[in-house]
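Accompanying notes for the structure given below.
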Amino acid sequence: MENVYKSNYTDIYGRTASKFDKFCFWFTTIDLLFLPYFTVVSVSFSVPIIALWMVLNSKKLFYDKEASIYVLMAGAMFFSLIVGLVYNGNVRFETTYTTSVKRFLQYIICFGYYFFYKSYFRKKYVEISKIIFIFIMYMSVFALFFLLYPIKYAELKMAIHPVDNHTQRYLANLISYRFNYLWTDPNNIAYLVCGIFFWYIYRNECTFNKKLIIFLLTLLILFSTVSNGGIIIFSFMLFANILKWIVNKHKFIIKIKSLYFVLFLSACIIAIFTFTQTANKIYNTFIIGIISRLSYYLNTNNLSGGRINDLNIAIKYLNPIFIIVGSGKEGFTYENGHLYWICMYGFISYIGFIWLMFRKTKTQLWRDYIWVIPFFVAYTMNIAIGEFKWMAIYLMLMAYSRYGIKRNLN
């Protein structure tokens, strides 16, 4: 195993990462984390690259249980797509057949990202935590830009992502603005950054200072999204982790350099709040926004944000045909990912989907799995997988957590 640790190019089976694989890795990773969607169509730039990789590696790619489940699931999804041509059952809202085809291709390709990263991480060790650190810093710059200049930020979003409905509605004075990065849904950003934070803090190779920075930047991004669900799950998991630390009676050891860093950072934050209007901006943008949303839910007795009502309505549209095959259509639920998939692709396909997406493998450490909770909550409460990059980034992290070469050596 020591040889695997030292090698950056060959795995325990003698497989090596080709130059094309390395190009695919950096292109897809930069695209998913740092680039906006393609302007004309809301799709990632790396989709053709992953599709090509899947074609070139099709013979050696599908050789294990995961691949077999994927093929069976994809077959069931395709059959549901055919059913969608003739399905005439009741739906809550109509969607076009073109949308159904796009969704099918979207999910098929997203799992292509998973199999690519799985293959790559088995062959080559990558300090992906460094990339994730840069990603959170990069996203926080946009969050700060959003906080200071919301109108300019909205105009930028319309230039690079014109199909962003949230920003369009804000510019039309229909809603209050919430940070959604280069994507569409603020809630998806909140759950993503929450999951990434807990993925990151369990990396042994990451220093205390970097974890502290990630914590502060995560708070900035979370509060910028004004996502009650994201903030609640983050607070709950943070409290659980602190409680675990106390119960285990871990000694809190901090190096003198780290202590100086904490004091310096604290001084900078105090200075910023004292000599600038940052405190007022944070209060007006974050606190008032969160309080107003909570007040609305409390006054309307709707703490779930309409999700319980959405679930109850969606259940009424369930059809026995969904046990075997779905309708091929989306129009049954706005929020619940489980019913969304079952109604669209059937229960059999749903079992394969959940197994591929959220299971814990026998070799997967608990610290490599606990971060899945915010993503699962996002899928359950907000569907989330409709956001292409959300799902692809999640599958990248899952591939690393399950199959990264150095994963079990830290």
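Quick notes
- Counting only protein chain heavy atoms and rolling a 1.4 Å probe, the accessible areas of R169, R402 rank, largest first, as R169, R402.
- In summary, the stretch 332-380 shows an alpha-carbon radius of gyration equal to 1.28 times the 2.2 N^0.38 Å reference for compact globular proteins.
- In the stretch 127-241, the alpha-carbon atoms span a convex hull of 94 Å³ per residue.
- Estimated Rh, the stretch 62-207: Kirkwood, alpha-carbon pairs, angstrom: 19.0
- Listed residue pairs exceeding 24 Å between alpha carbons, taken from K130/K152; K123/K211; K124/K360; K130/K362: K130/K152; K123/K211; K130/K362
- Our note on the geometry: Cα centres of the stretch 174-195 and the stretch 304-343, 23 Å apart.
- Each peptide in 103-115, 347-359 gets a packing score, the mean of other Cβ atoms within 10 Å over its residues, and the list from highest to lowest is 103-115, 347-359.
- With bins 5 Å wide beginning at 0, the percent of Cα pairs of the stretch 147-200 falling in each bin runs 4, 20, 28, 22, 12, 9, 4, 1.
The values are calculated or read from the model by the stated rules, or taken from the named source; none is laboratory data. None of the values given here were measured: they were computed from a predicted structure. When we count neighbours, we look across all protein chains shown, and the Cβ atoms used for this are built from the backbone with ideal geometry, even at glycine. Accessible surface areas use protein heavy atoms only, side chains included; no ligands, DNA or RNA. Shrake-Rupley method; radii C 1.70, N 1.55, O 1.52, S 1.80 Å.
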